[in-house]
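Inspection log for the structure reproduced underneath, given as structure tokens.
The values are calculated or read from the model by the stated rules, or taken from the named source; none is laboratory data. Bear in mind the structure is a predicted one, so any value in this text is a computation, not a measurement. Counting neighbours? That spans all protein chains shown, and the Cβs are built from the backbone with ideal geometry, glycine included.
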Amino acid sequence: MNGLLLAADFPGVDGFLGTRGSVMLDFVFLAMFAIVPIMGWSIWLVKYRQKYDLHKKIQVTLGLVLLVAVGAFEIDMQLITTREGWLARAAISPHFQYVWPSLYVHLFFAVPTLFLWIYVIVSGVRNFPKPAAPCDYSPTHLRWAKLAAIGMTMTAVTGCIFYWLAFVAT
């Protein structure tokens, strides 16, 4: 043919965003892209509108969406696309030399943030009254939730950079 490499030339299930990414890479990219503004809106709701129950519902939902997205992504990476599959998709990037470093920076934020979000959500559900309202646990929750929000934002930013370097750049 003309030497142009298409997503169909690579192992794994092709994505839906028109990049070299697999379907799960595209799904996780969109999930992370959406989570940060929704998280920000949820924080705004609780901070400025005192919508504690709505904040709780949004955060628990976001946590579940992330858990499903990350779980499905890991299944895809380990069983379907495989390491060689995503590397083959990323190898033709003109910025391939930055793919591994960007992945390591992303994981530096993503791994602790995963555990931090689980802690913040589970401890919030356990320690806040029903219906949700400020209580003695609020200062502790706020301290850890700020770290979790920063971690999630950095996870999303570094994930977008990794995705672009590996699967979009031509």
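A compact table of results
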{"quantity": "Flag for V120 being among the β-branched types (V, I, T) and either crowded, with 17+ Cβ neighbours inside 10 Å or modelled with pLDDT under 90 (or both)", "calculated": "yes"}
{"quantity": "Whichever residue in segment 1-17 is over 20 Å from the mean Cα position of the chain (by Cα) and of a type outside the set (A, V, I, L, M, F, W, C) and, among such residues, is modelled with the highest pLDDT", "calculated": "G12"}
{"quantity": "Scan of segment 121-168 for residues that are without any contact (Cβ under 8 Å) to a residue 60 or more places away in the chain, assigned to a helix (DSSP H, G or I) and among the aromatic types (F, W, Y), ordered by number", "calculated": "W144, W164"}
{"quantity": "Complete set of residues in segment 88-141 that are of a type in the set (K, R) and closer than 30 Å to V168 by Cα", "calculated": "R89"}
{"quantity": "Tally, over segment 37-75, of residues that are over 16 Å from I121 (Cβ atoms) and either in contact with a strand residue (DSSP E or B) (Cβ under 9 Å, 6 or more places away or on another chain) or buried (at least 18 other Cβ atoms within 10 Å of the Cβ) (or both)", "calculated": "1"}
{"quantity": "Matching option when the condition is of a type in the set (S, T, N, Q) and touching a Ser or Thr at 6+ places or on another chain (Cβ under 8 Å), among Q59, Q97, Q50", "calculated": "Q59"}
{"quantity": "The listed residue being surrounded by fewer than 14 Cβ atoms within 10 Å (Cβ to Cβ), of a type in the set (A, V, I, L, M, F, W, C) and touching a Phe, Trp or Tyr at 6+ places or on another chain (Cβ under 6 Å), out of A133, A148", "calculated": "A133"}
{"quantity": "Count of residues meeting criterion [modelled with pLDDT of 80 or more, among the aliphatic types (A, V, I, L, M) and assigned to a helix (DSSP H, G or I)] in segment 79-97", "calculated": "4"}
{"quantity": "Single condition F33 does not satisfy, out of (1) surrounded by fewer than 14 Cβ atoms within 10 Å (Cβ to Cβ); (2) more than 11 Å from the chain's Cα centre (by Cα); (3) under 17 Å from V157 (Cβ atoms); (4) not hydroxyl-bearing (S, T, Y)", "calculated": "(2)"}
{"quantity": "Count of segment 85-120 residues which are without any contact (Cβ under 8 Å) to a residue 24 or more places away in the chain and among the hydroxyl-bearing types (S, T, Y)", "calculated": "1"}
{"quantity": "Scope segment 47-57; condition in a helix (DSSP H, G or I), over 22 Å from the mean Cα position of the chain (by Cα) and without any contact (Cβ under 8 Å) to a residue 12 or more places away in the chain; matching residues", "calculated": "K47, Y48"}
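Residue-wise test of (1) more than 26 Å from G63 (Cβ to Cβ); (2) out of contact with any Cys (no Cβ under 6 Å at 6 or more places or on another chain); (3) not β-branched (V, I, T).
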{"position": "G85", "(1), (2), (3)": "yes, yes, yes"}
{"position": "A90", "(1), (2), (3)": "yes, yes, yes"}
{"position": "F109", "(1), (2), (3)": "no, yes, yes"}
{"position": "T140", "(1), (2), (3)": "no, yes, no"}
{"position": "T153", "(1), (2), (3)": "no, yes, no"}
{"position": "T170", "(1), (2), (3)": "yes, yes, no"}
